[in-house]
Each structure stands twice: as structure tokens, then as C-alpha cells.
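These notes concern the structure reproduced below.
Just so it is clear, none of the values below were taken in a lab; they were calculated from the coordinates. The shown structure was predicted, so the numbers you read here are calculated from the model rather than taken from an experiment. Every residue, glycine among them, receives a Cβ derived from its backbone with ideal geometry; neighbour counts consider all protein chains shown.
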Amino acid sequence: FILADQSNMEASCTACIVQKLLTPLLIADKREGMVLQILQPTSVLPATARQVVVVCTNGLFERLSVVEVLIAAGEVQADLIPIVSESTFRFPSLVFYTELREVITKATGGLQIGGVLKAEVFVRIVR
């Protein structure tokens with residue numbers, strides 16, 4: 001699966017390019033049943049997901065749909081493969097993680113995954 005900020009044209013184009021470049025490699029590697037799907041903002045990550053390619057662009061981690069997919073990836077223990085799509089992209093700072101933890105805790109009502117707050121799961125995934 002490929003996760004990108006679909007409101008960002010560069011991210012959407014990068015996702016399409018990654019899909020087109022990797023699909024022949026999967027077929028050559030005899031994984032014909034594998035189809036790289038670009039996740040849409042309303043998509044739910046299937047429980048069978050094992051890898052998620054994350055197209056990293058500025059503002060990516062501020063999108064609720066992205067956060068939900070990353071939390072789902074943590075729940076199924078999918079591997080995350082980051083691809084930096086913007087030269088100005090920077091991985092979030094400690095202050096960002098702290099603020100985001102508070103926002104997600106409020107948004108999810110403190111929901112937990114295996115006894116751990118969803119906000120904490122997300123922070124662990126992104127780090």
C-alpha cells in the first residue's frame with residue numbers, strides 16, 4: 001500500500017510514480033497477486049497489510065486520514081517504508097510529538113491498542 005497526502009499534488013504524483021516503478025518488480029519477483037494500491041483519504045488499511053510506503057511531504061502527519069492509517073499500520077505491525085518527496089521535508093521535532101500526542105488523545109477519547117494509548121502508538125510509529 002502507498003500512503004500519501006492526496007491534497008498535495010506532488011505527493012499524489014510521487015505515489016503514482018512509485019506505484020508504476022514498483023509494480024513490475026513485484027511481478028518479476030513472482031508476486032503477481034500483489035498490487036500496490038494508493039490509499040485514498042477515505043481508505044481503511046486492511047488487516048492483511050504488511051508494508052506501507054509513506055510518501056513524506058510537509059504537513060503529512062497533520063492529516064487525520066494519514067494518522068488513522070499509520071495507527072492501523074501499527075496495530076497490524078506493518079513495516080513502514082518512508083520516501084521523502086519534498087526537499088524541505090523534515091521529520092517532526094519532539095515538540096511536535098508532544099502536541100500531537102495531546103491532539104490524538106483528545107480526538108480518540110484516549111482509546112487504547114493493547115493497553116497503550118493510540119496517541120502513543122502513533123508517536124512510536126512515526127519516530
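Scanning residues 5 or more positions from I38 or on other chains, those with amide H under 5 Å from its amide H are I2, with H placed 1.01 Å from N in the peptide plane. Residues whose amide H comes within less than 5 Å of that of V54, counting only those at least five positions distant or on another chain, are L3, I81, I83 (H built at 1.01 Å from N in the peptide plane). Net length available on complete extension from M9 to T88 is 26.9 nm, with 0.36 nm assigned per residue and the Cα-Cα distance removed.
Given R₀ = 30 Å, FRET efficiency for V76-C16 by Cβ-Cβ distance, to 0.05? It would help to have the intermediate numbers written out before the result.
Details: r = 25 Å, r/R0 = 0.82.
Efficiency, rounded to the nearest 0.05: 0.75.
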